[in-house]
Amino acid sequence: MPPESILTAAGICHSFGGLMALEDIDFRIGRKEIVSLIGPNGAGKTTMFNLFTGHYNPTRGEIYFNNRKINGLKPYQITPIGIARTFQNIRLFGQMSVLENVLIGQHCRTRTGLFGAILRTPGCKKEEARARELALEMLSFVRLEEKKDEKACNLAYGEQRRLEIARALATDPLLLLLDEPAAGMNPQETISLMELVRQIRDQMGITILLIEHDMKVVMGISERVAVLNYGKKIAEGTPREVQNNEEVIRAYLGDSA
């Protein structure tokens, strides 16, 4: 029996002027699943992420998260209800410390207003202490606690990727979207990333949807895979089913293959 859906997209379309980037996409992801979204460059994968996180509003169709329609919501409204993401290009605050980058992720969960922050009320101090404690927990989870005081720009590439994930986890998500998390990583960093993704699901109970071009990652950690090509979903199933799908093979390798 398939798990209960945490996110459902029904007939979503999105166009940029006269260009149809996504056309009649039906998609769902069950709670605590690890699902990969793959396809050639320009297939519409990041557009789907942008629809799910409020950066775009679908031209047509409906998106539901946790049984709530999220069409038209902005990113600052979607993050607090439980969707977090990382980006294909690392977007850290390089001159801020590792710890400060993770603390920023908790902004959507804090309640102290301007008045309390200026007067340093007991409630403000308590909230700050709790935020720091949680941020350190996230850094420990991604094995960066010892570098909490370093500038983010001084971290190695793989560490910066893990820091981005820690910042996303600090928002306390139910669904985590990872946009090409293994891009640019060496083999050892990739293996470490795969272990981390499994731990996020198994230990924290977070559902994970990732865009990835590294097929070893996709086939190694995914329970289901959906494939886009020219804005249309051409296949969906287990990693083995997708790997052997002739239309998927043509999309990646060309008709002559």
> Of the residues Asp214, Asp202, which is modelled with pLDDT of 95 or more and not aromatic (Phe, Trp, Tyr)?
Replying inline: Asp202
>> Condition check: among the hydroxyl-bearing types (Ser, Thr, Tyr), more than 23 Å from Arg201 (Cβ to Cβ) and out of contact with any Gly (no Cβ under 6 Å at 6 or more places or on another chain). Does Thr79 satisfy that?
In response: no
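Yes/no per residue for (1) hydroxyl-bearing (Ser, Thr, Tyr); (2) buried (at least 22 other Cβ atoms within 10 Å of the Cβ); (3) at pLDDT 90 or above:
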site: Pro2; (1), (2), (3): no, no, no
site: Ser15; (1), (2), (3): yes, no, yes
site: Leu19; (1), (2), (3): no, no, no
site: Met48; (1), (2), (3): no, yes, yes
> Does Ser192 count as surrounded by 15 or more Cβ atoms within 10 Å (Cβ to Cβ), in a helix (DSSP H, G or I) and of a type in the set (Ser, Thr, Tyr)?
Replying inline: yes
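Residues checked against (1) touching a Gly at 6+ places or on another chain (Cβ under 6 Å); (2) surrounded by fewer than 22 Cβ atoms within 10 Å (Cβ to Cβ); (3) touching a residue at least 24 places away in the same chain (Cβ under 8 Å); (4) not in a helix (DSSP H, G or I):
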site	(1), (2), (3), (4)
Cys153	yes, yes, yes, no
Arg161	no, no, yes, no
Ala183	no, yes, yes, yes
Gln188	no, yes, no, no
Leu196	no, yes, yes, no
Arg201	no, yes, yes, no
Leu209	no, no, yes, yes
His213	no, yes, yes, yes
Lys216	no, yes, yes, no
> If you scan the stretch 82-102, which residues turn out to be free of Cβ contacts under 8 Å to residues at least 60 places away in the same chain and closer than 25 Å to Lys45 by Cα?
Replying inline: Asn89
> Consider Gly72 against the criteria (1) at positive phi; (2) crowded, with 18+ Cβ neighbours inside 10 Å: it satisfies all of them except one. Which criterion is unmet?
Replying inline: (2)
> If Gly39 passes every condition in (1) crowded, with 18+ Cβ neighbours inside 10 Å; (2) at pLDDT 95 or above; (3) of a type outside the set (Phe, Trp, Tyr) but one, which one does it miss?
Replying inline: (2)
> Could you say which residue among Glu128, Glu146, Glu133 is modelled with pLDDT of 90 or more and either assigned to a helix (DSSP H, G or I) or on the phi < 0 side of the Ramachandran plot (or both)?
Replying inline: Glu146
>> Can you report the number of residues in the stretch 4-13 which are surrounded by fewer than 21 Cβ atoms within 10 Å (Cβ to Cβ) and either over 17 Å from Leu174 (Cα atoms) or at pLDDT below 95 (or both)?
In response: 5
> If you go through the stretch 15-41 one residue at a time, how many are without any contact (Cβ under 8 Å) to a residue 60 or more places away in the chain and either within 20 Å of the chain's Cα centre (by Cα) or closer than 20 Å to Pro181 by Cβ (or both)?
Replying inline: 2
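The values are calculated or read from the model by the stated rules, or taken from the named source; none is laboratory data. Just so it is clear, the structure is predicted and the values come from calculations on it, not from any experiment. Neighbour counts are summed over all protein chains in view; Cβ atoms, including those assigned to glycine, are modelled from backbone coordinates with ideal geometry.
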